[in-house]
Amino acid sequence: MRILRGIVLGTLVLPLFAAKSEISGESELRSRLHSVFQRIEAQYRAMEAKVDRQPSGRNVPLDVRGGTNHFSTVKAWTSGFYPGALWLVYEYTRSGFWKDAAVRRTAPYECIRHFSADHDIGFMLYCSAGNGYRLGVNRDVYRPWLMDAAKALSTRFRPDIGLIQSWDARELAGAKMQRPVIIDNMMNLELLMFAAEHGDADAGRIARCHADTTDRRHFRADGSAYHIVDYRRDSADIFAYFAGQGASADGAWSRGQAWALYGFTMMFRLTRDERYLRRAVSCADWWLRQSMPEDMVPYWDFSVSGRPGEPRDSSAAAIAASALLELHKYVDESQGCRYRSRAVATLLSLTSDSYFAKEGTNGNFLLMHSTGFKPNNGQVDVPIVYADYYFLEALVRFHRL
Ligand code: GLY
């Protein structure tokens with residue numbers, strides 16, 4: 001009887017809910033997915049052939065500059081995104097070809113399992129081996145790498161400030177930083193939370209402590225995130241704020257805002273701590289309040305929005321779209337619809353010819369028009385591997401809705 005009532009209710013209620021929650025543009029995006037993934041597969045098959053032609057220690061796709069594909073070693077902060085992108089293509093297609101490619105390109109990452117030179121090991125190993133683990137492949141191999149990597153990242157935790165120090169003391173644009181902490185660091189907490197779930201309680205404490213302190217000390221009153229907060233070496237006081245890849249220390253670097261939004265959304269998923277949800281919502285609302293070009297792809301820094309000649313950053317758009325597709329599930333329906341519809345509008349734009357490269361172009365990367373480091377003229381308006389990664393993740397998340 002109860003089952004019958006469930007079926008009857010389901011039949012009556014679900015279609016109503018589905019109709020109500022249909023977002024403008026969603027059917028259009030859904031109808032594009034098949035051909036979008038056909039083009040993705042064609043581009044990445046060609047990219048795989050390029051990777052095969054590179055020397056084995058320097059064969060991780062990074063970007064295209066001056067019309068030439070550039071590759072990195074597995075020690076670059078961006079190294080996890082290419083194998084991660086292959087895992088995401090496998091997740092969508094479930095094809096043995098992409099699974100084998102992902103396994104093959106992830107194999108060399110064992111050598112960075114103890115990497116502690118900076119905070120980026122989360123990006124490097126969680127996007128590569130972490131995705132393999134998530135998809136149930138080679139778990140016994142990847143789990144110990146991830147556990148070691150979390151230990152390595154934990155060595156950068158500074159209990160007196162309650163944060164993971166991103167880099168050792170170093171110079172940036174002629175200024176000496178003492179104990180710098182970058183907003184991107186939020187992304188690396190997923191690796192620590194994985195380790196916590198597998199028995200490393202310290203890793204979990206460190207991740208929460210880092211997120212708590214970031215929540216308290218790394219945001220302005222208007223809700224935007226500082227890019228780099230530098231702490232004094234001998235106290236918990238802030239020494240200075242740095243612009244880093246942004247236009248100025250008091251500006252809002254677009255990708256940094258997207259990292260903050262994604263990082264707190266992810267921490268809410270993994271902890272169910274309402275404070276992280278509040279911060280994620282505040283980041284999302286900040287993002288939605290900004291004046292954005294009609295195509296929803298921001299300029300590289302919000303302070304230069306609309307200034308002629310300034311480049312966009314499609315990577316920031318992709319990261320934000322992926323985060324909003326997750327966050328929309330954690331809030332009430334009307335707020336969720338706003339987030340979901342922004343994500344869909346962004347993905348419609350990213351899958352259009354303005355951003356999504358035609359087969360055989362763009363060095364076989366997927367997205368055009370990302371900006372990595374405008375102030376030092378590095379990677380301006382080019383394809384960059386992390387844009388592809390979050391674009392794919394957003395498409396897969398959309399597909400799963
Ligand atoms: N994590 C460095 C960047 O987003 O460029």
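The values are calculated or read from the model by the stated rules, or taken from the named source; none is laboratory data. Quantities reported herein were computed from a predicted structural model and do not represent experimental measurements. Neighbour counts run over all protein chains shown; Cβ positions are idealised from the backbone, glycine included. Only protein heavy atoms, including side chains, enter the accessible area calculation; ligands, DNA and RNA are left aside. Shrake-Rupley method; radii C 1.70, N 1.55, O 1.52, S 1.80 Å.
Couple of notes before you dig in:
- Rounded to the nearest 20 debye, the dipole magnitude of the stretch 73-166 is 160 debye, with +1 charges on Lys and Arg beta carbons, -1 on Asp and Glu beta carbons, and the Cα centre as origin.
- All Cα-Cα separations within the stretch 155-289 were binned at 10 Å from zero, giving a P(r) of 13, 45, 34, 9, 0, each value a whole percent of the pairs.
- Length added when fully stretched, residue 238-residue 65, from 0.36 nm per residue minus Cα-Cα: 58.6 nm
- Proximal charge balance of residue 298 [Cβ under 11 Å; K/R count +1, D/E count -1]: -2
- Accessible surface, the stretch 194-292, averaged per residue in Å² (probe 1.4 Å): 39 Å²
- Sites excluded, GluC sites (Glu not before Pro) in DSSP loops with at most 15 other C-beta within 10 Å, longest stretch of the chain: 23-293
- The label-point distance for residue 290 and residue 209, in a model that sets each label 7 Å from Cα toward Cβ, rounds to 3.2 nm.
- Selection from 299, 119, 132, by position along the positive dipole direction of the chain (Cβ): 132
- Theoretical ellipticity at 222 nm over the chain - DSSP helices of four or more residues, -39500 (n - 2.57) apiece, nearest 500: -16500 deg cm²/dmol
- Taking label points 7 Å from Cα along the Cα-to-Cβ direction, residue 45 and residue 160 give a separation of 5.8 nm.
- Straight-line cross-link reach from residue 358 at under 15 Å between alpha-carbon atoms covers these aspartates and glutamates, not counting any fewer than eight positions away in the same chain: 41, 388.
- Full-stretch length increase - residue 93, residue 139 - with 0.36 nm per residue and alpha-carbon distance subtracted: 14.5 nm
- Which of 146, 29, 394, positive extreme of dipole for the chain (C-beta unit charges): 146
- Per the Debye formula on identical point scatterers at the alpha carbon atoms of the chain, with no solvent, log10 I(q)/I(0) at q = 0.13, 0.14 Å⁻¹ is -1.12, -1.32.
- Rounded if a/c under 1.5, otherwise prolate or oblate - the stretch 173-220, Cα gyration tensor axes: prolate
- Euclidean distance between Cα centres, the stretch 29-66 to the stretch 336-372, Å: 15 Å
- Averaged over its residues, the stretch 16-129 has an accessible area of 43 Å² per residue, based on protein heavy atoms and a 1.4 Å probe.
- Basic side chains Lys and Arg get +1 at the Cβ, acidic Asp and Glu get -1 at the Cβ, and with that the dipole of the stretch 279-337 about its Cα centre reaches some 120 debye.
- Charged-residue dipole, Cβ positions (Lys, Arg, Asp, Glu), the stretch 233-310 about Cα centre, Debye nearest 20: 300 debye
- 24 Å Cα-Cα threshold exceeded, pairs from 329/374; 50/75; 75/151; 151/176; 99/374; 151/374: 329/374; 151/176; 99/374; 151/374
- Selected from 96, 243, 257, residue furthest toward positive end of dipole (the chain; charges at beta carbon): 96
- Among the protein heavy atoms of the stretch 95-234, carbon and sulfur supply 49% of the accessible surface, probe 1.4 Å, non-protein parts ignored.
- Solvent-free Debye scattering, log10 I(q)/I(0), computed from the Cα coordinates of the stretch 260-346 at q = 0.13 Å⁻¹: -0.40
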